[in-house]
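S.K.: Pasting a structure below so you can have a look.
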Amino acid sequence: MPAQGKHRRSQSTSLRRGLVAVTAGGAVLALPVIGATSAFAAPAAAPQSAVAPASVAAQVNSAVQAVPAQHSVAAGETLSKIAREYSVSGGWEKLYEGNRKIIGENPDLIHPGIKLTLGTKGEATSGGKADKSAKASPSAARGAEADRADRSERIDAAPVAKAAPAAEKAVTYTNDLDGWIKESLAVMAEQGIPGTYEGIHRNIMRESSGNPAAINNWDSNAVKGTPSKGLLQVIDPTFQAYHVPGTSTDSYDPVANITAACNYAADRYGSIDNVFGAY
């Protein structure tokens with residue numbers, strides 16, 4: 001019995017709520033409880049119809065994003081320029097990564113007429129040719145513009161940093177035996193001539209004791225009219241045959257004398273380091 005009493009109070013409460021709702025809406029008081037309940041529940045369905053357009057728009061936008069966007073390269077265009085134009089997420093690096101097979105190993109060389117895949121239209125044209133939502137919302141457009149500007153700065157900055165390394169400080173050499181040997185080694189490295197500081201220094205001390213003006217006027221070469229000269233005692237025919245471009249043509253010049261002698265020793269002995277006596 002207590003359960004039935006509870007049931008009757010619940011019905012009565014539902015009836016009063018239904019009557020009040022109907023009265024507030026100006027309906028006839030004699031309407032049945034079922035009618036009142038339907039009238040009361042009707043407003044709850046309204047938000048569903050309001051949500052529908054947004055859901056449809058989301059589906060349309062999703063369908064648009066699923067379509068890949070392409071760009072046909074024109075003469076004079078670069079990956080950086082194309083990435084900025086379409087606001088490609090990840091910049092020119094991402095664009096290159098997605099088209100590496102058609103571009104090749106050099107991202108700086110793209111041929112006119114090739115078609116580049118830009119990802120999806122939703123990604124590639126967020127602020128460019130087909131983003132209508134950005135036009136409809138000024139604040140969104142300003143945000144997209146600021147984001148593109150920020151990406152553009154990063155894209156532009158990277159190639160400049162790679163293309164313009166800091167200038168190397170000019171190397172100066174002392175005007176003495178140590179400086180002459182070091183400068184000769186630098187020239188030899190550029191020309192691919194082998195030799196070490198120790199090997200050059202050892203042979204100089206044996207041949208001339210470090211005197212760049214030394215000359216031998218008594219040996220067989222001198223008798224033939226071609227005396228040995230300079231730090232490494234090179235005769236003129238040998239100096240001329242093994243002279244290294246970029247150095248002085250004066251056989252007494254320390255750097256020219258050393259590099260020519262080392263060039264000759266490399267040709268005949270493999271390296272000046274392999275010379276331990278008259279050569």
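S.K.: Filter the stretch 189-207 for residues that are more than 50 Å from the chain's Cα centre (by Cα) and surrounded by fewer than 16 Cβ atoms within 10 Å (Cβ to Cβ) and give the result. Before the answer, list the steps.
M.R.: Just the residues of the stretch 189-207 that are more than 50 Å from the chain's Cα centre (by Cα), to begin with: 205-207.
M205, R206, listed by residue number.
S.K.: Limited to the stretch 233-273, what total is found for residues that are of a type in the set (F, W, Y) and either modelled with pLDDT under 95 or surrounded by fewer than 19 Cβ atoms within 10 Å (Cβ to Cβ) (or both)?
M.R.: Matching residues across the stretch 233-273 total 2.
S.K.: Additional query: Out of G210, G230, which single residue is closer than 11 Å to I258 by Cβ, surrounded by 14 or more Cβ atoms within 10 Å (Cβ to Cβ) and among the small types (G, A, S)? Please lay out each step first, then the result.
M.R.: Working: G210 fails: closer than 11 Å to I258 by Cβ.
Answer to the check: G230.
The values are calculated or read from the model by the stated rules, or taken from the named source; none is laboratory data. Nothing here was measured: the structure is a model prediction, and the numbers come from that model. For neighbour counting, all protein chains shown are included, and Cβ atoms are generated from backbone atoms with ideal geometry for every residue, glycine included.
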